[in-house]
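In what follows, a single structure is set out as structure tokens and then discussed.
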Amino acid sequence: MRQRKKLILALVALATLVASVLMLFGVLGPLAHTQPFSSVTASDYSVPTGYDPWGTAFDGNGNVWVAIPNCDPTPMCSGVYPGALAVFNPSSRSWTHTYNLPSGYGQPLFVAFDHQGRVWFPMPMSNSIGMFNPANGSFQQWGVPTINAGPWDVAVDGNGNIWFTEHYVNKIGMFNPNSQQFIEVPTPASNSNPYGITVDRSNNIWFTENTDTVALIGEYTAQGQLKEYKIRNSSTTGLTPHLITIDPNGNIWWSEGWVSMIGELRVSAAQPGTNNGVTEYAYPHLCGNCGSHTSGISADSTGNIWFDDSLQSAFGSFPDSGNGSFSMYNTPTSNSHPHDGMHVDGQNNVWFDEEFANKLALVTGGSAPAPTPSPSPSSSPSPSPSSSPSPSPSPVPGGTIAQDTFQRANQQYWGTASDGLTWAGDANASKAFTITNQAGTISGSGLLNGVLGPQVTDSEVLVSGSISSFNNANFGAVLHWGDTNDWYKTYIDGANFVMQKKVNGSVSGLTHHAFTATAGTSYTIRFRIVGNTLYSKVWPTNGTEPTNWMLTATDTSLTSGYCGVRAQIQNGIVVRYTAFQAVSLNAGSPTPTPTPSPSPSASPSPSPSPSASPSPSPSPTPSPSPTPSPSPTPPGTGTTIAQDTFQRANQQYWGTASDGLTWAGDANTVGNFSIVNNTGNITGNGNNYSAVLGPLVADSQVQASGSISNFTYNNFGVVLRWTDNNNWYKAYIDGANLVVQKKVNGSVTTLLTTAFVAKAGTSYTLSFQAVGNTLTASVWATGGTQPANPMITVTDSTFLSGYCGVRALGQSGTTVTFTAFQATQLP
């Protein structure tokens, strides 16, 4: 540890100088101000044995495992006994187990779990990979083929292979536990010193190349191709990318060592050999006379990237949308040196090691707060929230049509449900289905369905279950199921809550929302269809059901079908369903129809995960009341309060609109606004700009048409109930999504997102409406047909009134062009 401290003291001056230069010249990322969450609580717990805690990971029960090497590699350490693995129980806030490594083992640095619940850890001092099996208490180790390789960080892919960085020989390695064979992949640079490593949902391996003269992000694809991405085109002095993580949108983030920054690669814009899609973000210092060293980094499910700074003894967060402020905090113990062991658990608690204090730190309350929803008036019966472990929906017209508690003897297939009906689909035809220990289990490999009860139109299914691993796997519920090629499905995949449809064998995503789920934990899903509107929500089975729907979509493809479950699994993964209930929402009981016979697809295609296109921060979503989405009020209904056709002479600023009113906000004070060729233009320079027109109003609608020259890190849209640049509702498109956000006192929260692919240079019309607490939004190609139903419906009660207008984010060289604007006061 003393060696490490000497090294740090030697580098503090360099770090401070580099940070000053970067701030002076404004390298890429803006220096954001501090804006902490008001509810963050940080505490820490002394490790039960040894010293210098390092890596962390979570087991299937949510326990935190900590690697304790008993030394501080600088870069190597010797003369110490093998380290230990310690287990912390978050519920009891206590250490429950300590496992000392056997004689002959090195010191563990990082930890990761495989699909069987075994713990893997690299040991650079003994040049080996270790494994501990908690089921039988046994240790094993395997030497890395290249001598003095320095195996460092570790990750497990979807096939159960163990990946690690070889820090001292400029390689990454893979170990196959089944064949017990190693594969090593060298980097082109002979001094890359790979450090952090992670795996995305497509089984691509991402890692950092840690030397500042190299400073690259590496990707080793599932097809075996090595790609590298530059972080900067300018000086990389002090830039030593350390740990790496993936946000819920599939974008890559990393810590940057000595330059007081974190970095992001938007995968949709990435191009090997360039820094396309890369943005760096500089964070503020809490300690005026300290150096800076950023190392640990992790993403939560509500739209925040968390990181720590060892020299400042600080940690912080930043919105994964790239828009917003840093929130910075001191560690619970001063001078504690938080380092590489930062991870966010399934409940969005943040954990990190305090290496020099010999403690494990816990941060709670740091996820972006969800707005308080106000339910919209409902014209149809709504289910009451249920917080009991077994789903129990409120009475609805038509009543229960199928139910299974799975309380029967172990058997092959699911057989006859507890209500006397017979399971169909694959449930009584595929040997993947069994009743085991009072649960309906699905094991094996593939896409598998179980359906129960009669065919029905308006309906709801409520199901509880868990999965042993989310690696390339998911489970959920189906409605309007006709056969394996025709259904609506809602499911969780560990990172997202997804709604899909499959029509004539073609899968389409309807909508999705970030939702972090933990393998081995039971979740309950409620999925409903009324008319053409689909609703869904999910929550931990032993928790409280959300008041509002988390997903809402409209679709007319499938008008009726069966209720059931559907899972996508790989070999070794098991899904366990413990409760199932299907309800008809029709006024009368459904007409019984024959139970469908199994109709397996000849070659089922895996259910895809949601698009990895960048989207704004996926904060917890207040959702609409469970009724069909309202039709938007057509333009012209109510009273027009502001309008602009932009048909006037070229000029600086937007000036006076065609209706005689004067534009406000930034439109007549910021030089980026102009009238050019009968359009309202906004030229970008990396900032957000607002323009508002007309009087203060409550219930209102704004409709605007416009285009953007480039969607890379850019967006444009409309605002309602705007007060100033820090308080508004906004609906916008970013090339991949239609998004509704709010900004309250400078803090941005994404309310709901739905996929919408837009092209640069093409004009789109956005319609955004606020009636009471209900916000609705739609977008379509200008000149096309407006959607019959809103594409997004969400409730929020933060703002009751404000101004109508437009808002855009544009990077340098980007131009947003508006051709029409109309604001309407609604009756």
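Here is a yes/no grid of residues against (1) open to solvent by 10 Å² or more (accessible area, probe 1.4 Å); (2) in contact with a Leu (Cβ under 9 Å, 6 or more places away or on another chain); (3) under 19 Å from Gly238 (Cα atoms); (4) not in a loop (DSSP other than H, G, I, E, B):
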residue: Asn275; (1), (2), (3), (4): yes, yes, yes, no
residue: Tyr281; (1), (2), (3), (4): yes, yes, yes, yes
residue: Pro284; (1), (2), (3), (4): yes, yes, yes, no
residue: Gly291; (1), (2), (3), (4): no, yes, yes, no
residue: Phe356; (1), (2), (3), (4): yes, no, no, yes
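Residues that are closer than 24 Å to Thr639 by Cα and more than 26 Å from the chain's Cα centre (by Cα) within region 739-772 comprise Tyr764, Thr765, Ser767, Gln769, Ala770, Val771, Gly772, listed in sequence order. The combined condition, being open to solvent by 10 Å² or more (accessible area, probe 1.4 Å), hydrophobic (A, V, I, L, M, F, W, C) and touching a residue at least 24 places away in the same chain (Cβ under 8 Å), is not fulfilled by Val702.
Assuming Ile792 fulfils every condition listed in (1) more than 20 Å from Thr533 (Cα to Cα); (2) touching a residue at least 24 places away in the same chain (Cβ under 8 Å) apart from one, which condition is it? The failed condition is (1). Within region 196-229, work out how many residues are open to solvent by less than 30 Å² (accessible area, probe 1.4 Å) and among the small types (Gly, Ala, Ser). Count: 3. Has region 522-538 got at least one residue that is among the aromatic types (Phe, Trp, Tyr), under 24 Å from Thr416 (Cβ atoms) and buried (at least 22 other Cβ atoms within 10 Å of the Cβ)? There is at least one residue in region 522-538 that is among the aromatic types (Phe, Trp, Tyr), under 24 Å from Thr416 (Cβ atoms) and buried (at least 22 other Cβ atoms within 10 Å of the Cβ). Tell me, yes or no, whether region 154-173 has at least one residue that is surrounded by fewer than 18 Cβ atoms within 10 Å (Cβ to Cβ), over 25 Å from Asn63 (Cα atoms) and hydroxyl-bearing (Ser, Thr, Tyr). Within region 154-173, none of the residues are surrounded by fewer than 18 Cβ atoms within 10 Å (Cβ to Cβ), over 25 Å from Asn63 (Cα atoms) and hydroxyl-bearing (Ser, Thr, Tyr). Just one of (1) crowded, with 20+ Cβ neighbours inside 10 Å; (2) in contact with a Ser or Thr (Cβ under 6 Å, 6 or more places away or on another chain); (3) assigned to a loop (DSSP other than H, G, I, E, B) fails for Tyr713. It is (2).
For every residue, the table says whether it meets (1) open to solvent by 10 Å² or more (accessible area, probe 1.4 Å); (2) small (Gly, Ala, Ser).
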{"residue": "Val40", "(1), (2)": "yes, no"}
{"residue": "Gly55", "(1), (2)": "no, yes"}
{"residue": "Arg93", "(1), (2)": "yes, no"}
{"residue": "Ser103", "(1), (2)": "yes, yes"}
{"residue": "Gly106", "(1), (2)": "no, yes"}
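Surrounded by 15 or more Cβ atoms within 10 Å (Cβ to Cβ) and closer than 30 Å to Asn474 by Cβ, is that true of Thr146? It is false that Thr146 is surrounded by 15 or more Cβ atoms within 10 Å (Cβ to Cβ) and closer than 30 Å to Asn474 by Cβ. Name the residue that is nearest to Gln141 (Cα to Cα), counting only residues in region 59-104 that are among the aromatic types (Phe, Trp, Tyr) and at pLDDT 95 or above. Selected residue: Tyr99. Does Val692 satisfy the criteria of being open to solvent by less than 30 Å² (accessible area, probe 1.4 Å), among the β-branched types (Val, Ile, Thr), under 36 Å from the mean Cα position of the chain (by Cα) and modelled with pLDDT of 85 or more? Yes, satisfied.
Quick grid of which residues meet (1) among the aliphatic types (A, V, I, L, M); (2) outside any loop (DSSP other than H, G, I, E, B); (3) modelled with pLDDT of 50 or more; (4) surrounded by 14 or more Cβ atoms within 10 Å (Cβ to Cβ):
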{"residue": "Trp351", "(1), (2), (3), (4)": "no, yes, yes, yes"}
{"residue": "Leu362", "(1), (2), (3), (4)": "yes, yes, yes, yes"}
{"residue": "Pro369", "(1), (2), (3), (4)": "no, no, no, yes"}
{"residue": "Thr372", "(1), (2), (3), (4)": "no, no, no, no"}
{"residue": "Pro383", "(1), (2), (3), (4)": "no, no, no, yes"}
{"residue": "Ser388", "(1), (2), (3), (4)": "no, no, no, no"}
{"residue": "Gln407", "(1), (2), (3), (4)": "no, no, yes, no"}
{"residue": "Ala427", "(1), (2), (3), (4)": "yes, no, yes, yes"}
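In region 76-171, counting only strands (runs of 3 or more DSSP E) that sit wholly within it, none holds 3 or more residues that are on the phi > 0 side of the Ramachandran plot.
The values are calculated or read from the model by the stated rules, or taken from the named source; none is laboratory data. Keep in mind that what you see is a predicted model, and the values were worked out from it rather than measured. Methodologically, a virtual Cβ is constructed for each residue, glycine included, from the backbone with ideal geometry; neighbour enumeration extends over all protein chains shown. Protein only, heavy atoms only, side chains kept; ligands, DNA and RNA dropped before computing areas. Shrake-Rupley method; radii C 1.70, N 1.55, O 1.52, S 1.80 Å.
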